[in-house]
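Working notes, structure below.
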Amino acid sequence: MLKRKVVLSLVTVILLVNLAIGYRSYCQEAAKSGENEVFDSISLMMEVLQHIRKFYVDSDKVNIKDLMYGAIEGMTMRLDPFSNFLPPQDAEDLRQESEGEFAGIGVTVNFHDGKLFIVSTIPGTPGARAELQQGDVIVKVDGEDVVDMEAAVSRMRGKPGTAVVLTIQREQQEPMEVPIVREIITVPSVVYPTIFPDTHVAYLGITQFTEQTASQLAKELKSLEEKKIEGLIIDLRDNPGGLLHSAVEVCSFFLPANELVVSIEGRENKEQEMSRNGYKFPDSIPLILLINRNSASAAEITAGCLCDYNRAILLGEKSFGKGSVQNVIPMRDGCALKLTVAKYFTPSRRVIHGQGIPPNIHVTLPRQNIIRLSKMGDDLPSRLAEDTQMHRAVEVMQTCIAQSAGRKGKFQSTDHAELFTAPPPQSIQDMEADDEAEGNADDAPSDKSVDHPQIEGDGTPVQQEEK
């Protein structure tokens, strides 16, 4: 009996020692991973929630789900301007916008320095008819102050035929209220395919990168190719971005298959998006991309990629500098989490985020010209006199065509270096030559060795979205 008690006591001591060691190890790991801090913060949040439930004076305003949604929204807003928690209706609005159709007023907006700016209006929409202008600041929506972009955009959308009142601040003028009736907004992705009169120069614009962009662009490019154009101008100004795979497909039209389009690098994973097979626009036809300070995200990926390979001349102003990846992750109850998970790098390893893509040829568009253009129709030849950037692009393109007359083979923007006000960025080929000359080629990491494909499925990131 005594022997049995001794054995049980020994086993108990061993178990207690193991438990103590395990608890100590857990505490150390929790401290390293921040779990203790997380638990303490959750405990504090629950304590605050209980006080609100018990003591807040207007008990009818205490909706637990709304309070929790607000807490999560506040948590994501502290990360960066592009990460957001999306309640069910906001998540559905985002899905519809990605597909190219939604009910709203037809404006593109950007949130910067705590203000919601109008970037552009979609022609023929309520916003355009209300004469909203680029640079206008939306101060209030239906009397509620604008504090973040997602909430303001959600309030501007609604059922077709219903009204929304925007409080607009325009330069030094007094704020004014602008009532607008919502409509179904169909966002055209590829717009204004045109050949300028008495030239062989074609033009088209990409308003944003949606699911339909690649198919619409391929159709227009084939049509222009049949008309024997000799130069192409693609307008990416005021393009806020969109879907990553759409930008990759667009770049693929102008590059051979299996060329690096963009590197996507997160905390642990690295991905590479390569150009695809399929339709290829003739590489003997020179290409100019128009960009400005409102060209962002997927538009910057496209501009940076085609510039790095010397496939396009960039003309206009430095782009916005939004080079981060937001995955839209489905959550319970129809909610979604839009979370920044990585950053983009161009093929030559240029950083987009916070830096922007500079143009090869810098041309500004004065504000008075922007205002006059906003009041003009869609006839591009008649807009040419006011649009200094487009006018310069046509001049440059005609010079390129003249210099290329009688010459066959691939067009390279470096052949026209005398046209640039600033030297073009170092090309991929030049970078590789420099590495080899310095003897660093063997030490440099190979981009092509990285392989982390995007996973799609329930509960995982299903869409890379930039706006």
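The values are calculated or read from the model by the stated rules, or taken from the named source; none is laboratory data. What you see is a predicted model; the values in this text were computed from it and never measured. With ideal geometry, Cβ positions are generated from the backbone for all residues, glycine too; neighbour counts draw on all protein chains shown.
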Exercise. Quick one: is Val141 within 21 Å of the chain's Cα centre (by Cα) and either within 20 Å of Gln89 (Cβ to Cβ) or modelled with pLDDT of 90 or more (or both)?
Worked result: no
Problem set entry | Matching residues, the stretch 191-244, being touching a Leu at 6+ places or on another chain (Cβ under 6 Å) and among the acidic types (Asp, Glu) | Glu220, Asp235
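Every residue, every condition in (1) out of contact with any His (no Cβ under 8 Å at 6 or more places or on another chain); (2) within 30 Å of Met77 (Cα to Cα); (3) modelled with pLDDT of 95 or more; (4) assigned to a helix (DSSP H, G or I), yes or no:
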position: Ala299; (1), (2), (3), (4): yes, yes, yes, yes
position: Gly304; (1), (2), (3), (4): yes, yes, yes, yes
position: Cys307; (1), (2), (3), (4): yes, no, yes, yes
position: Leu337; (1), (2), (3), (4): yes, yes, no, no
position: Val341; (1), (2), (3), (4): yes, yes, no, no
position: Arg372; (1), (2), (3), (4): yes, no, no, yes
For this session: Report the residue count in the stretch 258-272 for those that are over 15 Å from Ser348 (Cβ atoms) and buried (at least 18 other Cβ atoms within 10 Å of the Cβ).
Result: 2
Seminar exercise, completed: Of (1) part of a helix (DSSP H, G or I); (2) over 23 Å from the mean Cα position of the chain (by Cα); (3) within 17 Å of Ile291 (Cβ to Cβ), Ser223 satisfies every one except (3)
For this session: Scan the stretch 317-335 and report the pairs whose first residue is aromatic (Phe, Trp, Tyr) and whose second residue is part of a strand (DSSP E or B), with Cβ atoms within less than 8 Å and a gap of 6+ or a chain change.
Result: Phe320/Asn110
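Glu171: in the same structural domain as Pro123 (by TED's automatic domain parsing), in contact (Cβ under 8 Å) with a residue 24 or more places away in the chain, surrounded by fewer than 16 Cβ atoms within 10 Å (Cβ to Cβ) and of a type in the set (Asp, Glu), yes or no? Spell out how you get there, then give the answer.
Values: in the same structural domain as Pro123 (by TED's automatic domain parsing): yes; in contact (Cβ under 8 Å) with a residue 24 or more places away in the chain: yes; surrounded by fewer than 16 Cβ atoms within 10 Å (Cβ to Cβ): yes; of a type in the set (Asp, Glu): yes.
Yes; evaluated as a whole, the condition is true for this residue.
Could you tell me whether any residue of the stretch 91-110 is within 23 Å of Ile168 (Cα to Cα), of a type outside the set (Lys, Arg), assigned to a loop (DSSP other than H, G, I, E, B) and over 16 Å from the mean Cα position of the chain (by Cα)?
yes
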For this session: Residues being under 19 Å from Phe85 (Cα atoms), surrounded by fewer than 19 Cβ atoms within 10 Å (Cβ to Cβ) and not aliphatic (A, V, I, L, M): count how many of those fall in the stretch 319-334.
Result: 4
Seminar exercise, completed: Apart from one, (1) touching a helix residue (DSSP H, G or I) at 6+ places or on another chain (Cβ under 7 Å); (2) at pLDDT below 80 all hold for Leu2; the odd one out is (1)
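Considering only the stretch 45-75, state which residues are aromatic (Phe, Trp, Tyr) and surrounded by 10 or more Cβ atoms within 10 Å (Cβ to Cβ).
Tyr56, Tyr69
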Exercise. Quick check, is Ala214 assigned by TED's automatic domain parsing to the domain that holds Met390, touching a His at 6+ places or on another chain (Cβ under 9 Å) and either within 18 Å of Ala312 (Cβ to Cβ) or at pLDDT below 95 (or both)?
Worked result: yes
